[in-house]
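**Q** One structure coming up, written as structure tokens, with questions to follow.
The values are calculated or read from the model by the stated rules, or taken from the named source; none is laboratory data. What you are looking at is a predicted structure, and each value in this text was computed from that prediction instead of being measured. Cβ atoms come from the backbone with ideal geometry, glycine included; neighbour counts cover every protein chain shown. For the accessible areas, the whole protein counts, side chains as well, though only heavy atoms, and no ligand, DNA or RNA atoms are used. Shrake-Rupley method; radii C 1.70, N 1.55, O 1.52, S 1.80 Å.
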Amino acid sequence: FVGTPVDDLFAIPGGTETTRFLAGLDALNAAALRDRTLTLLEMAAPLLDAHAKEKRIRAGLDFDDLILETRSLLTRAGLAEWVLYKLDGGLSHVLLDEAQDTSPDQWQIVNALVAEFFTGTGTAEFIRTLFVVGDEKQSIYSFQGADPARFGIMGEQFAELVTAAKQNWRRVEM
């Protein structure tokens, strides 16, 4: 609505005066929200830049950085194979709590860690377990990039992998 005269916002053909008024009010609210969002982004940009600079100076990592770096370490061709080989011998149980709040990047980490649990020699050497706890109804939606719908999808994928490996899969409803 940039450059639109306010009178034009209320000139909606048809309908009652109330309909026109409410439509105009919605348009004004949308414009105000846009302006406030732009202002917030302008204010946040220097803070985000300063935060990034401070992390570089200190060689620091925040929580998101740790997730992204771990994902990269476990999925990057040429490096992931060696890292997973080193982890494979000592990794026999994975517990993922509050899994409904797991982000897609975190699911990639879990998948990389447990892939050998259900394939090849990893299934015959010793019993490995994946224990995932969560409830979509208790999700903190969008918490750190969480995708609650993915929780159900991952459950189905794990069920297929475990069943194909002729291992026991149990879904326990509370």
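**Q** Keeping all protein chains in place and using 1.4 angstrom, which order do K55, K137, K86 fall into by accessible surface area, from largest down?
**A** Numbers: K55 50, K137 170, K86 125 Å².
From most exposed to least exposed: K137, K86, K55.
**Q** Under a crude label model (7 Å from the Cα following the beta-carbon direction), how far is I153 from L79 in nanometres?
**A** 2.6 nm
**Q** Modelling each spin label as a point 7 Å along the Cα-to-Cβ direction, I'd like the M174/A31 distance in nm, to one decimal.
**A** 5.0 nm
**Q** Between S72 and V94, what FRET efficiency follows from the Cβ-Cβ distance if R0 is 22 Å, with the result rounded to 0.05? Please report the intermediate quantities before stating the final value.
**A** Numbers: r = 19 Å, r/R0 = 0.88.
Computed FRET efficiency for S72 and V94 comes out at 0.70.
**Q** Here's another thing I want to ask about it. Mind ordering 96-106, 73-83 by average Cβ neighbours within 10 Å, highest first? Display every interim value, and only then the final one.
**A** Working: 96-106: 18.4, 73-83: 12.1.
Averaged packing, sorted descending, gives the order 96-106, 73-83.
**Q** For V132, list long-range residues whose amide hydrogen, built 1.01 Å from N in the peptide plane, is under 5 Å from its own amide hydrogen.
**A** Counting only residues 5 or more places away or on other chains, the set is L96.
**Q** Per residue of segment 41-56, in order, report the coupling 6.51 cos²θ - 1.76 cosθ + 1.60 (Karplus, θ = phi - 60°) as ³J(HN,Hα) in whole Hz, putting x for Gly and Pro.
**A** 5, 5, 6, 6, 3, x, 5, 5, 5, 5, 4, 5, 5, 4, 4, 5
**Q** If you don't mind, another one. Rounded to the nearest 0.05, what FRET efficiency do L87 and V133 give with R0 = 25 Å and r taken as the Cβ-Cβ distance? Could you check?
**A** Details: r = 22 Å, r/R0 = 0.88.
Taking R0 as 25 Å, the efficiency between L87 and V133 is 0.70.
**Q** Please list 3J(HN,Hα) in residue order for segment 80-88, calculated via the Karplus relation 6.51 cos²θ - 1.76 cosθ + 1.60 where θ = phi - 60°; whole Hz, with x for glycine and proline.
**A** 4, 4, 5, 4, 5, 4, 5, 6, 4
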